[in-house]
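Just below is one structure, and these are the notes that go with it.
The values are calculated or read from the model by the stated rules, or taken from the named source; none is laboratory data. Here the structure is a predicted model, which means the values were calculated and not measured. Using ideal geometry, Cβ is built from the backbone for each residue, glycine included, and neighbour counts are taken over all protein chains shown.
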There are 2 protein chains.
Amino acid sequence: MALIVQKYGGSSVADAEKIKSVARRIVETKEGGNEVVVVVSAMGDTTDELIQLARQVNPKPQERELDVLLSTGEIVSSTILAMALHNLGYKAVSLSGAQAGIETDAIYSKARILRLEPKRVIEELEKGNIVIVAGFQGITKGMDITTLGRGGSDTTAVALAATLKAQICQIYTDVEGVFTADPRLVPEARKLKEIGYEEMLELATLGAKVMHSRAVELGEVYNMPILVASSFSDKSGTIIHGGIMMEVRNKVRGIAHDLNVAKVTVVGVPDQPGIASAIFEPLVKANISVDTIVQNASINNITDLTFTVARGDLDNAMSLVQPIAKSIGARKCVSDSTLAKVSIIGTGMQNTPGYAANMFRTLYEQGINIQLITTSEIRITCIVGEDRVEDAVKALHKAFELERDVI
Amino acid sequence: MALIVQKYGGSSVADAEKIKSVARRIVETKEGGNEVVVVVSAMGDTTDELIQLARQVNPKPQERELDVLLSTGEIVSSTILAMALHNLGYKAVSLSGAQAGIETDAIYSKARILRLEPKRVIEELEKGNIVIVAGFQGITKGMDITTLGRGGSDTTAVALAATLKAQICQIYTDVEGVFTADPRLVPEARKLKEIGYEEMLELATLGAKVMHSRAVELGEVYNMPILVASSFSDKSGTIIHGGIMMEVRNKVRGIAHDLNVAKVTVVGVPDQPGIASAIFEPLVKANISVDTIVQNASINNITDLTFTVARGDLDNAMSLVQPIAKSIGARKCVSDSTLAKVSIIGTGMQNTPGYAANMFRTLYEQGINIQLITTSEIRITCIVGEDRVEDAVKALHKAFELERDVI
């Protein structure tokens, strides 16, 4: 008998009818001869509603209390799902994160799992129960409730799957899987049957918001296969796993894009040691995440330093960087918030120059100006004007023949 | 420094504004130089809404799951109240029933407290926190969430007050205290400054729905003074305590009434051993609570047996009793669901026949027919037609001079 861990997101359990439908899916898996552990998110907009309620009494609620408050959302959905399963005649039991043995550190609102001792989960499985675990939450050694931050329920699911040595961790959500590009931009975009963990990470962090990178990383560490599929259809999803690198070597897997990009350029910076740290340390302290950093080759010991931040951080970043630029003798500071990232992602591209060249040529042929370029082992990213990002994604999807299912 | 336990009911914390106002009251108590432990109910109609949600997926939700579900209501209100206190600049921490050390049996939906070890409550008080405890809930030895059933939050508050040796347990609710009669019926009804535990118990079980008898009983066992007052006004409430019996001996304290009364009479019952048990055992098994039982003196070994039940149980009771009546050779079975109870309550009446006589004379003078009479040590109850209950309460209130504050 195989053990399968399933996770259902907030939109999949948004109301009683949807929960009943999720219950029927779980029963199918159980009837397939499997043991089933289910992780649920809070119903629909519950989490946002609870945050709104908190803000009505305190504009900046203490995180310890907020975590306790938010954790109730997943408790509610877990009990309702258990009741729906009872109504279908199946044995089921809901467990909180604490009861499922998820011990975390005390970093409220973004706690990390320290230990997972799912003794109670195993006991309940042995009693023949379908076990429903409230996602997104854990408990500290001091018995205080924590939440795991963004992507928390995915993390709960993968962590449980890894610890319980499940056959697979199935993430059911409101998308059908991982696509070669955003289907809203590229009608020919194709759903991938499978993808590697690292490729998925690059796709996820670059805007293909299917699941949170933290859970994918955990899957990679424990080599736990993860299925991403829709809870609203029976179509097969995408399997994220580690065994496909050989077959797909040197192949672009998908095109990611991200509109949340703003650029800051410090013009005319004296090229001397300590300048970069003088500029970036204050940003780190202000909790501003700096993404791409590019420093042009220096001419006469004068260089330009460019970096990108999320658009919401631009004003803050500029107000921090401008006085520094002045103090280090830079000429000026300019910004642009009308940019976007477009990336091609695939294992092994780094050692195969053809991919970069193909990407740049394709953009050139479309008359799209490339403002910045960065690369990782499995990704090439160009920063372009946001008004051209759709053209860029479409052209790249075609250039790399992603509409064809070639392994 | 005195320790005060306060409890705020659902209507007192129904929305963010009301919670802010409760926070200001708590701060006043804290600023009065006290340590404060607060027990809260769920906000407004939360509990009913959660039950409705559960019924949408399962008409008869399993009690274990229902308890977990309902316990979230009090968790939410406890965190929001803690946040509101933070916003006023005060240290506060919310604790679940489990964190507060409330261990119960595993009788879901009506668990009884087995042990209370408020180690964490004491630690948090020592740190200078106002401690907010989620009412109505506990945890079993096996770490499953339970709820304490009706009046549960009052019970949590009195139990905590007793264990922590608080100076007083203050129950804040939507009434101003305990009145000599229902002020809607008797405009002259007077709020009592104080009342004994047993008198309060009789008033509470007979329809003066101020607080649940279970919490009053607990208060009596631990001799914990309980203040009942309104959270919406600054008027002084009623103190329930054990030290006033001497002064108020032989004094009627209040008039209670209850409209939820139906009567069953088995006519022409052979007066022989075993008849009563033949009639009542099936009712007990069907979970029908039989209240007043009266058996007339038998004439020629034939008697009439009359008892009352809640109106909602009448049909069920009749269908159980009719075949039994037939089998034991009774003449017939009749019922009346248009009845009401009216009671006078006060310590020491039993040994002072004047009170009973005064009650019967008053009702006679009003032309009110008494159908049944029962008494306890501190109560005399008459069953009358529901159409005359208002007249009865008014006349008795006047006859016993309850509008006057005499000790």
Within segment A:179-225, restricting to residues that are of a type in the set (S, T, N, Q) and outside any helix (DSSP H, G or I), the one that is farthest from A:PHE136 (Cα to Cα) is A:THR180
Restricted to segment A:275-287 and to residues being over 22 Å from the mean Cα position of the chain (by Cα) and aliphatic (A, V, I, L, M), the residue surrounded by the most Cβ atoms within 10 Å (Cβ to Cβ) is A:ILE279
Those strands (runs of 3 or more DSSP E) completely within segment B:136-178 that have 3 or more residues that are closer than 18 Å to B:LEU227 by Cβ are B:168-173
Picked from segment B:129-145 (must be farther than 14 Å from B:ILE113 by Cα and more than 10 Å from chain A (Cβ to nearest Cβ)), the residue surrounded by the fewest Cβ atoms within 10 Å (Cβ to Cβ) is B:ASN129
B:ILE122 fails exactly one of (1) closer than 21 Å to B:CYS169 by Cβ; (2) β-branched (Val, Ile, Thr); (3) in contact with a helix residue (DSSP H, G or I) (Cβ under 8 Å, 6 or more places away or on another chain), namely (3)
> Right, A:ALA159: among the hydrophobic types (A, V, I, L, M, F, W, C), within 13 Å of chain B (Cβ to nearest Cβ) and out of contact with any Lys or Arg (no Cβ under 6 Å at 6 or more places or on another chain) or not?
Replying inline: no
Result of the Cβ filter at 8 Å on segment B:90-102, keeping first residues that are under 15 Å from B:ALA157 (Cβ atoms) and partners that are acidic (Asp, Glu) and assigned to a loop (DSSP other than H, G, I, E, B), at least 6 apart or interchain, is B:GLY101/B:GLU117
Expected single match for of a type outside the set (S, T, N, Q), in contact with a His (Cβ under 7 Å, 6 or more places away or on another chain) and within 30 Å of B:GLY196 (Cβ to Cβ) among B:VAL261, B:VAL290, B:VAL342, B:VAL252 is B:VAL342
Filtering segment B:92-111 down to residues that are at the interface with chain A (Cβ under 9 Å from one of its Cβ atoms), part of a loop (DSSP other than H, G, I, E, B) and small (Gly, Ala, Ser) yields B:SER96, B:ALA98
Return yes when A:ILE373 is of a type in the set (A, V, I, L, M) and either modelled with pLDDT under 90 or more than 25 Å from the chain's Cα centre (by Cα) (or both) and no when it is not. yes
Within segment B:361-388, restricting to residues that are touching a helix residue (DSSP H, G or I) at 6+ places or on another chain (Cβ under 7 Å) and assigned to a helix (DSSP H, G or I), the one that is surrounded by the fewest Cβ atoms within 10 Å (Cβ to Cβ) is B:THR362
B:GLY243 meets each of (1) in contact with a strand residue (DSSP E or B) (Cβ under 6 Å, 6 or more places away or on another chain); (2) closer than 30 Å to B:GLN6 by Cβ with one exception, condition (1)
If you go through A:ALA82, A:ALA92, A:ALA23, the only one that is buried (at least 20 other Cβ atoms within 10 Å of the Cβ) and either among the hydroxyl-bearing types (Ser, Thr, Tyr) or farther than 28 Å from B:ALA134 by Cβ (or both) is A:ALA23
Checking B:GLY242, B:GLY312 in turn, the sole residue that is under 28 Å from B:ASP174 (Cα atoms) and assigned to a helix (DSSP H, G or I) turns out to be B:GLY312
Only one of (1) outside the structural domain of A:ILE324 (by TED's automatic domain parsing); (2) modelled with pLDDT under 90 does not apply to A:ILE279, and that is (1)
(message) Condition first: more than 11 Å from chain B (Cβ to nearest Cβ), surrounded by fewer than 20 Cβ atoms within 10 Å (Cβ to Cβ) and over 27 Å from the mean Cα position of the chain (by Cα). Can you find one or more residues in segment A:112-123 that meet it?
(response) yes
Of A:VAL321, A:VAL309, A:VAL294, A:VAL290, the only residue that is surrounded by 13 or more Cβ atoms within 10 Å (Cβ to Cβ), within 19 Å of A:VAL342 (Cα to Cα), modelled with pLDDT of 90 or more and in contact with a strand residue (DSSP E or B) (Cβ under 8 Å, 6 or more places away or on another chain) is A:VAL309
The condition of being buried (at least 19 other Cβ atoms within 10 Å of the Cβ), among the basic types (Lys, Arg) and more than 19 Å from the chain's Cα centre (by Cα) holds, among A:LYS326, A:LYS263, only for A:LYS263
